[in-house]
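Input: a single structure, listed below in structure tokens.
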Amino acid sequence: MASRINISRPAGRGGYSPDPQGLSNNRPSPAGYRAANTDDPLEKIREFGKQVEDHVEIYAQPLKPHLPAIGRFLIVVTFIEDSIRIVTQWSDQLWYLQKHRSFPWGVSHLFLLINVLTMLAGSGAVITKKHTEFAIGGLLGVVIAQGLGYGLIFDLNFFLRNLSVIGGLFMVFSDSMITRRTPFAGLPTISENDRKKYFLLAGRVLLIFLFLGFMIQGQWSFGRVFVSIVGLGACGMVAVGFKAKWSAAFLVLVLSAFNVFANNWWSVHSAHPQRDFLKYDFFQTLSIVGGLILLVNMGPGGLSVDEKKKTY
């Protein structure tokens with residue numbers, strides 16, 4: 001195409017000026033403004049990050065309309081599984097609470113019944129987006145009550161995992177928020193957008209605690225060290241909101257693969273006591289993956305590096 005266009009200078013003597021309007025600027029650029037250096041390592045990292053983010057947007061586009069529903073379902077799936085397990089193991093649960101936790105007869109029954117009803121009702125409300133605020137409050141109460149009731153509140157692994165589950169619930173709460181106008185103009189109130197920013201920040205920070213729990217447990221190997229270092233970097237980026245979408249997408253892939261290979265409860269015999277622990281860890285990890293999926297869909301919110309960069 002270019003060979004068919006004549007770009008040679010017109011013939012003439014002395015009357016031709018390459019810049020007749022004086023539009024070119026041969027003066028040095030002011031301090032602080034320079035062209036991007038393609039050999040700069042930081043520029044290469046930025047370019048790579050932009051490419052990854054673009055690919056995440058492209059491949060997530062067909063799923064994007066369904067991401068909120070998938071995320072909400074995965075977040076509450078651990079509560080659904082827990083309620084089913086309590087019902088199917090009712091006598092064992094009562095025996096444990098009465099024998100090891102000194103619950104009086106009747107109180108143990110009421111404790112389990114309230115937990116089951118709250119988890120089922122709260123999970124259904126989150127999935128259908130009905131009365132989400134009350135549902136989140138009820139599920140948060142279940143997390144705290146079970147930690148105290150089963151004596152696991154001081155277990156570090158349980159504590160870190162449940163912090164991540166709470167982070168997922170905060171993400172659901174942020175997703176359900178809408179902008180409302182205050183009925184009293186001029187009064188200093190916190191808008192829904194401001195609340196959403198703070199809940200998104202809290203949710204982002206709490207979601208990464210599961211990965212910290214993964215790092216401090218189990219036997220170390222070269223692969224585990226490599227995954228821990230890379231995952232910790234992605235967790236830090238999620239927490240501060242820098243390239244948060246593709247960092248969260250990376251953690252979704254890593255945690256999903258880890259969950260299938262490490263918490264494969266279906267391969268353990270039904271009579272083996274380890275099966276219930278693996279099953280519990282499997283569905284809890286699914287809940288945290290659901291919170292990360294909501295983060296990929298919503299973005300990191302106003303209190304993040306990504307959002308600050310947009311304002312400059």
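The values are calculated or read from the model by the stated rules, or taken from the named source; none is laboratory data. As the structure is a prediction and not an experimental result, all values here were calculated from the model. Neighbour counts are summed over all protein chains in view; Cβ atoms, including those assigned to glycine, are modelled from backbone coordinates with ideal geometry.
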request  = For the range 135-173, enumerate the residues that are surrounded by fewer than 18 Cβ atoms within 10 Å (Cβ to Cβ), without any contact (Cβ under 8 Å) to a residue 12 or more places away in the chain and part of a helix (DSSP H, G or I).
outcome  = 137, 144, 148
message = Whether any residue in the range 240-251 is buried (at least 19 other Cβ atoms within 10 Å of the Cβ) and of a type in the set (Lys, Arg) is what I want to check.
response = yes
inquiry  = Scan the range 278-290 and tell me whether some residue there is of a type in the set (D, E, K, R), under 20 Å from the mean Cα position of the chain (by Cα) and in a helix (DSSP H, G or I).
reply    = yes
message = Looking at (1) in contact with a Phe, Trp or Tyr (Cβ under 9 Å, 6 or more places away or on another chain); (2) surrounded by 14 or more Cβ atoms within 10 Å (Cβ to Cβ), which one does residue 73 not meet, given that it meets all the others?
response = (1)
remark   = Over the range 85-129, the set of residues among the charged types (D, E, K, R) and over 30 Å from residue 69 (Cα atoms) is 92, 99, 101
ask   = Given the conditions (1) surrounded by fewer than 15 Cβ atoms within 10 Å (Cβ to Cβ); (2) part of a loop (DSSP other than H, G, I, E, B); (3) of a type in the set (A, V, I, L, M, F, W, C); (4) at pLDDT 75 or above, and given that residue 266 satisfies all but one, which numbered condition is not satisfied?
value = (2)
ask   = Would a scan of the range 92-101 turn up a residue that is of a type in the set (A, V, I, L, M) and touching a Ser or Thr at 6+ places or on another chain (Cβ under 9 Å)?
value = yes
